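See structure below.
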Amino acid sequence: MASAKRTSGRFVVVRDHHAHDPNSGLASSKLAKLDIKNNAMSTNLTPRELLFDAKTKFGSIPVDMAGSLDALNRMIYRTRTKNASDVNNANMIDPIFTGEMRETNDLDLEGAQQKAIKDSFPSINEHFCLFHVTQAWRRKLEKLGIYRDTFFGKELYEFWTLLKSMPFVPLADVGKTFEEVVNLLPIMKTPKQKQFEEYLRTYYFGPRPNLSFPPQLWNVVESSIRHLPRTNNSVEASHRNLDVSKTDGVFFKYFFF
C-alpha cells in the first residue's frame with residue numbers, strides 16, 4: 001500500500017507502491033477532472049451536482065484525487081462565463097437575488113427572521129436547515145422535560161425516530177404520514193405529550209391554515225433528488241473561512257451559484 005501527501009495541489013508519493021501499477025489511479029483522476037470541466041461548459045448543473053455525477057461515473061477516490069473541493073469549485077467557476085446573469089444581477093445598484101436560501105437560528109426557527117429575509121429577497125425560494133428543524137423539535141421536548149422518553153427502549157422512542165424522518169416524506173403524503181406517526185404516541189397521553197403534539201400541529205403540520213413553518217419550507221425530498229444541501233453546513237463553513245481571511249488581513253469576494 002502506498003502513502004502520499006498533497007503539495008500545492010499535487011500528490012507526492014512518500015512510500016513506494018507494492019503489488020499494483022503506481023499510476024493506476026492518476027489516469028482516472030485526470031479523466032474525472034476533464035469530465036467535470038466539460039460538463040461545466042455544456043450544462044447548467046450546480047458544482048455539487050457536477051461532482052456527484054462525476055463520483056457516480058468514476059467513483060469517489062478519483063474525484064477526490066482530482067483536487068480539493070475548493071479547487072474544483074474554482075475550476076468550475078473559471079470554466080464558465082464570468083458574466084453569469086445571477087452575478088450581474090447581484091452586482092446591480094438595486095441587486096436582484098434568485099436561487100435558494102437556507103435559514104437557521106441558534107435558538108429556534110424565527111418567524112421574524114423568515115419575514116425579514118423574504119422582504120429583502122422576494123425572488124428567492126426559502127428553505128430551512130434540516131438539522132435546525134429537528135433541533136427545534138428536540139429543544140421543545142427538552143423544555144417540556146420529556147426528551148429522555150425518546151431514548152431507546154422508552155415509550156416515545158419509535159414516535160421520535162419516525163418524526164425525525166418526516167422531512168424525507170413526499171409533500172403530498174406528509175399530512176397522512178404525520179397522523180400515522182402521532183398514533184404511535186401512548187393512548188393515554190400525558191399533558192406534556194399533548195403539549196408537544198399541539199406544538200407540532202400549530203407550527204409545522206396542521207391541519208390548519210397559515211402555518212408558521214409549513215412542510216414545504218423544511219421538506220428535503222426535492223433537495224435530495226437535486227443533490228442540493230439539506231443543511232446550512234456549507235454556508236457556516238464559508239462564514240468561518242471568511243472570518244479566518246479577515247483575521248489574516250486578506251479579503252475575498254465570494255460568488256455562490
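The values are calculated or read from the model by the stated rules, or taken from the named source; none is laboratory data. Please read these numbers as outputs of a predicted model, since none were measured by experiment. Here the Cβ is made from the backbone with ideal geometry for all residues, glycine too, and neighbour counts use every protein chain on show.
Within segment 164-180, no residue that is outside the structural domain of Val133 (by TED's automatic domain parsing) and under 14 Å from Arg201 (Cβ atoms) sits with its Cβ atom under 9 Å from a residue that is buried (at least 16 other Cβ atoms within 10 Å of the Cβ) and modelled with pLDDT under 95 at 6+ positions apart or across chains.
Listed by first and then second residue, the pairs linking a residue in segment 40-59 that is surrounded by fewer than 17 Cβ atoms within 10 Å (Cβ to Cβ) to a residue that is among the aliphatic types (A, V, I, L, M) and not in a loop (DSSP other than H, G, I, E, B), with Cβ atoms under 6 Å apart and 6 or more places separating them unless they lie on different chains, are Lys55/Val63.
Restricted to segment 227-244, and to residues there that are part of a helix (DSSP H, G or I) and among the hydroxyl-bearing types (Ser, Thr, Tyr), the residue that is nearest to Val174 (Cα to Cα) is Ser234. Does segment 210-228 contain at least one residue that is in contact with a helix residue (DSSP H, G or I) (Cβ under 6 Å, 6 or more places away or on another chain), hydroxyl-bearing (Ser, Thr, Tyr), in contact (Cβ under 8 Å) with a residue 24 or more places away in the chain and crowded, with 17+ Cβ neighbours inside 10 Å? The answer is no; no qualifying residue exists. Taking segment 215-226 as the search range and keeping residues that are assigned to a loop (DSSP other than H, G, I, E, B) and at pLDDT 90 or above, which one is nearest to the chain's Cα centre (by Cα)? By that ranking, first place goes to Val220.
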